[in-house]
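Notes follow once the structure below has been shown.
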Amino acid sequence: MAGFARSLLDTLFKRRQMEGEMSDELKFHLESRAQDLANSGLSPAEALRQARLEFGGMEGYKEQCREARGTRYWDEGRRSVLYAVRMARKNPGFTALVIVVLALGIGVNASIFSVVNAALLRPLPYREPGQLMTIGETRAQFDVPNPDSSYPDYVDWTRQAQGFESIAGYSGDGATFTGAGAPEMLDVGRVTANFFSALGVKPALGRDFVAADDLTDGPKIVIVSHRFWKEHLGSNANVIGEVLHLDGEGYAIIGVLPSQFEFAPMDSPPVWAPLRPNHDMAARRNLRWMHVIARPKNGVSSAQAFAEMRAITARLALAYPQEDGAVRLQIGTLREQIVGQVRPLLLTLFGAVSLVLLIACANVANLLLSRGTARKREIAVRMALGASRGQLIRQFLTESLLLALAGGALGLLTSPWCVSLMTRGIPKDQLASMPYLSSVHIDPALLAFTFLIAAGTALVFGLAPALDLSRADMNQNLKEEARGSAGSGTSRLRSVLVVAELGLALMLLVGAGLLLKSVAALFHADPGFDTNNLLTFSIGLPSIAYKDDAAALAFEQRFTGQLRSLPGVESVATVSVLPLTGGGNSVRFVVEGRPVEKGHEDECFIRSITADYFKVMKIPLVKGRFFAPTDGSGQNGTPPVRIVNRAFARRYFPNEDALGKRIRFTYSPQNPFVQIIGIVGDENAAQPGAPPAPIIYTFFDQNPDGFFNVAVRTAGDPLSLMGPIRGVLNSDDPELPMIEPQTMEQIIESSPAVFLRRYPSFLIGSFAALALGLALVGLYGVISFSVAQRTREIGIRMALGAVRRDVLRIVLRQGLLLAVGGVGCGVAGGLLLTRFLGSLLYGVRPTDPVTFAAVSALLIAVALIASYVPARRATEVDPIVALRYE
Amino acid sequence: MNPQAELLPGTLDLLILKAASLGPRHGYGILLRIQQISAGAFSIEQGALYPALYRLERQRLLDTEWGVSENNRKAKYYRLTSAGRKRLRQETESWNRLVAAIGVVLGARPEEV
């Protein structure tokens, strides 16, 4: 084996030299012998002749020498490749076409693979990322995305759990950054001191947080991201110790994170600060607001770690039945949390591009078959000269492999461009949660994948023509060549390939159609409020400047009052959580007169709104009344009141009237029960298309807060009011930024629900268009070819009185048959495959007959158009010429 | 009667190894040496020598180097390696055993059976 390898290496690097040496050696032999013979009296010419005779067949021995040395297979392979290159260069147009088709097929696969590789295969940029787990508490019986935990529970976990190296917490926060320019809202990651060390990440500059930093009265310090350091701190290496102004307070920079650091669950915020929960957050066990990651100790299996956490949870449930009685621990992997949502999307895209590749293969096989007809004579001659079937097949496969590798190389080179084109369609918010997309590049895995699919492709598209050609009967071919026609076997094979192409294209069209319909259904799904002409943004009042609720309420009333007086503004309200933004805050409550076991109270969304909220959103009143300014602040005698939505009334008061009933939130057991004064229509709280969920509305004036969202109903284009509104805010408090201003339409556009459907529908639609184009080219080729072949038949028919329409019908019928065959295959395949789209579809079934019928009709229509061109050509056949043709 | 005998299959390698064991020689020299020692008893197609030489070289039984021939020309010289020497010894022994055994068989008389 080693000998073989050595010989192979020798042959690769020293082949030319060895060939020369062999020639020299044999020449020396001949000349020495001739010299000896001449010395014995022969004439020089006679001596040389005699020497050659004694030596025997020179080329044969050379070949034997090469074989003895182990270079024969190399030489043969090299000859095949050279021959293949010559064949490719002889038909540059054909070669280019094949390479481009293959580059399309392989290129889209390489692109999707590089994304899949970055998202699903490549390890996360942490130390032993496979160990990292996520822990969260939920009261739901099913898994929810990224559940929260409470701080007291977290503290108990860190104290009790033995099997963990570290358990760390994090939470998203925001702060107004006042630097050189206008105030800016920054995302701030709030983390426990052991967060970065749990991930196994060390700051590139400065130090990590230490345990003392966790203390409530610890120093005001931050660690900044590499990007923030570059963009806002001028990549200053001496930045450690400098002060950053956040919410009007100075924070010392103690560290800069490494450039490749990312943390997708929090969209990789620019600034990181110690967690330091405020009093309520730290003390209340049923206030679940933080996320937890954990790393088991080395040698502790994840099953053991799970078991320990479950045991601790069971103990906590016994100790704190009120808070933890109904809580279930949800444990997962960090990777699952990061890529779980996009996995079905990526796998769907992967499936789609493999269909494109199959079509490209069929297309190229078809092209090769069409050329095979022209090559039949060459084959026949080679067979007559003694080439074996095996040698011919090997030759064809070499040619295919060469084409596939060229196509693969081209596809690979264009894939980064293709990926950037694909990621351009992703909304900013979505992109931030998929940081791995920015690290997509050509790596060994991608190279290996591309090479493998290129080789596999070569086998798929190369084998059919190879078998077809080498099967051919030599004599038949030598005779047939004169007429330049293909055997019926070849025609049948080509038709099958076209039907397959059309079928695959139809499957992609169905997929794209179903997703498009889902997107349309999402946009048409009634969110329960008017989404047009609605501008939204958030305001976060820093507690330094706005010390209490009264200050916040005063600002809110002053600010919204000023907005109302702006021309173009119809009405203004605030709300704690905007609709269609994921759901947000929820609350547990009990209904008066319905005793509930501690910890098992019902839970629903809660929204704090100002009086005009329902008018601004155009949410109808079902019963009772809206909040009124006269409901007051709740402190000076006016009792607190609640409004609920219809879903709430239906769920919790199915056979009674919810109006006038009294409820109480469980976090304030001392508080009295509070009356429901109104029932309103359902707004869609979570995301487009989600079913209506129960909501309790509280009155902002009765319990003001420093953070709220402003909803502005405008007369015209909401974005045109951005400037004036910013002006009002600036003149009131220049330190306050307008956080995430966007129209409701923009919120819908960038929501995960829409993104997860529209994005693949756009990509699969592109792939389907590509596939359809390829399939139509294939169909066109086959029909043209068949028209050329049937010229004589058409001529006879016309001579016998057929008119143009008859000829047109004959040809179009063939195209129609192929298209119908394709539709049959495609519908069958589609019915099998679209069920895998299941989780991406909304408001449409995977077997939606309308979609299937529409795309089938589309396919047949374009197939007929593609057949019409060659059909027209057929009608222009001159019978006289056609009959003389042969 | 033809004075030259056909070479038994497989024996060319043995002859080459033996010829090379008498000192480095180029291919033509090895051929001459075999013919000289055997007094022209074998008919060898000269070209057949080279595939055998290449094979033995690849098996590391022969070593090669380029040198200058007696008529002052560049020529490739073959020299027996230690592995080649060992192989020659084994092959010689087994050849002798074979010859002896065949001699005994051929020399057998009816009364000895």
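The values are calculated or read from the model by the stated rules, or taken from the named source; none is laboratory data. Quick caveat, the model's predicted, so the values are computed rather than measured. In this analysis, Cβ positions are derived from the backbone assuming ideal geometry, glycine residues included, and neighbour counts consider all displayed protein chains.
Inside the stretch A:819-849, can you point out the residues that are part of a loop (DSSP other than H, G, I, E, B), without any contact (Cβ under 8 Å) to a residue 24 or more places away in the chain and not polar (S, T, N, Q)? Passing the criteria: only A:845.
Here residue B:102 fulfils each of the conditions (1) within 13 Å of chain A (Cβ to nearest Cβ); (2) surrounded by fewer than 14 Cβ atoms within 10 Å (Cβ to Cβ) apart from (1). Of the helices (runs of 4 or more DSSP H) lying entirely inside the stretch A:122-232, those carrying at least 2 residues that are under 30 Å from residue A:301 (Cβ atoms), at pLDDT 90 or above and in contact with a Leu (Cβ under 7 Å, 6 or more places away or on another chain) are A:151-160.
When restricted to residues that are surrounded by fewer than 18 Cβ atoms within 10 Å (Cβ to Cβ) and either of a type in the set (Asp, Glu) or more than 12 Å from chain A (Cβ to nearest Cβ) (or both), the stretch B:56-71 contains 3. For the stretch A:306-352, a residue qualifies if it is hydrophobic (A, V, I, L, M, F, W, C), in contact with a Pro (Cβ under 8 Å, 6 or more places away or on another chain) and under 18 Å from residue A:134 (Cβ atoms), and the qualifying residues are A:334, A:338. Checked against (1) in a helix (DSSP H, G or I); (2) free of Cβ contacts under 8 Å to residues at least 60 places away in the same chain, residue A:240 passes all but a single condition, namely (1).
Check B:37, B:44 and return the single one that is out of contact with any Lys or Arg (no Cβ under 7 Å at 6 or more places or on another chain), β-branched (Val, Ile, Thr) and closer than 17 Å to residue A:29 by Cβ. Full working, then the answer.
On the way: B:37 fails: closer than 17 Å to residue A:29 by Cβ.
Selected residue: B:44, the only one of B:37, B:44 that is out of contact with any Lys or Arg (no Cβ under 7 Å at 6 or more places or on another chain), β-branched (Val, Ile, Thr) and closer than 17 Å to residue A:29 by Cβ.
Kindly evaluate residue A:574 against the criterion of being farther than 30 Å from residue A:149 by Cβ, of a type outside the set (A, V, I, L, M, F, W, C) and either in a loop (DSSP other than H, G, I, E, B) or touching a residue at least 12 places away in the same chain (Cβ under 8 Å) (or both). Spelling it out, it is not the case that residue A:574 is farther than 30 Å from residue A:149 by Cβ, of a type outside the set (A, V, I, L, M, F, W, C) and either in a loop (DSSP other than H, G, I, E, B) or touching a residue at least 12 places away in the same chain (Cβ under 8 Å) (or both). Quick one: residue B:97 ticks every box in (1) assigned to a helix (DSSP H, G or I); (2) more than 10 Å from chain A (Cβ to nearest Cβ); (3) closer than 17 Å to residue A:55 by Cα except a single one, so which number is it? Failed condition: (3).
Please indicate, with yes or no, whether at least one residue in the stretch B:15-22 is out of contact with any helix residue (DSSP H, G or I) (no Cβ under 6 Å at 6 or more places or on another chain), over 24 Å from residue A:57 (Cβ atoms) and either in contact (Cβ under 8 Å) with a residue 24 or more places away in the chain or within 11 Å of chain A (Cβ to nearest Cβ) (or both). Within the stretch B:15-22, one or more residues are out of contact with any helix residue (DSSP H, G or I) (no Cβ under 6 Å at 6 or more places or on another chain), over 24 Å from residue A:57 (Cβ atoms) and either in contact (Cβ under 8 Å) with a residue 24 or more places away in the chain or within 11 Å of chain A (Cβ to nearest Cβ) (or both). Kindly check whether there is at least one residue in the stretch A:408-420 that is surrounded by fewer than 19 Cβ atoms within 10 Å (Cβ to Cβ), under 37 Å from the mean Cα position of the chain (by Cα) and in a loop (DSSP other than H, G, I, E, B). No: the stretch A:408-420 contains no residue that is surrounded by fewer than 19 Cβ atoms within 10 Å (Cβ to Cβ), under 37 Å from the mean Cα position of the chain (by Cα) and in a loop (DSSP other than H, G, I, E, B). The residues in the stretch B:32-74 that are in a helix (DSSP H, G or I) and of a type in the set (Gly, Ala, Ser) can be counted, and the count is 3.
Can you confirm whether the stretch A:289-298 contains a residue that is assigned to a loop (DSSP other than H, G, I, E, B) and out of contact with any Pro (no Cβ under 8 Å at 6 or more places or on another chain)? Yes, the stretch A:289-298 has at least one match.
Against the conditions (1) modelled with pLDDT of 90 or more; (2) at positive phi, residue A:253 satisfies every one except (2). When A:79, A:52 are checked against the criterion of being in a helix (DSSP H, G or I), modelled with pLDDT of 80 or more and of a type in the set (Lys, Arg), A:52 stands alone in meeting it.
Residue A:231 meets all of the listed conditions (1) under 31 Å from the mean Cα position of the chain (by Cα); (2) surrounded by 14 or more Cβ atoms within 10 Å (Cβ to Cβ) but one, namely (2). Return the residue satisfying two criteria in turn: it lies in the stretch A:28-49 and is more than 11 Å from every other protein chain (Cβ to nearest Cβ) and buried (at least 17 other Cβ atoms within 10 Å of the Cβ), and of such residues it is nearest to residue B:54 (Cα to Cα). Top of the filtered list is A:48.
How about the stretch A:91-147: which of its residues are over 26 Å from residue A:766 (Cβ atoms) and aromatic (Phe, Trp, Tyr)? If the condition is that a residue be over 26 Å from residue A:766 (Cβ atoms) and aromatic (Phe, Trp, Tyr), then A:94, A:126, A:142 are the ones that fit.
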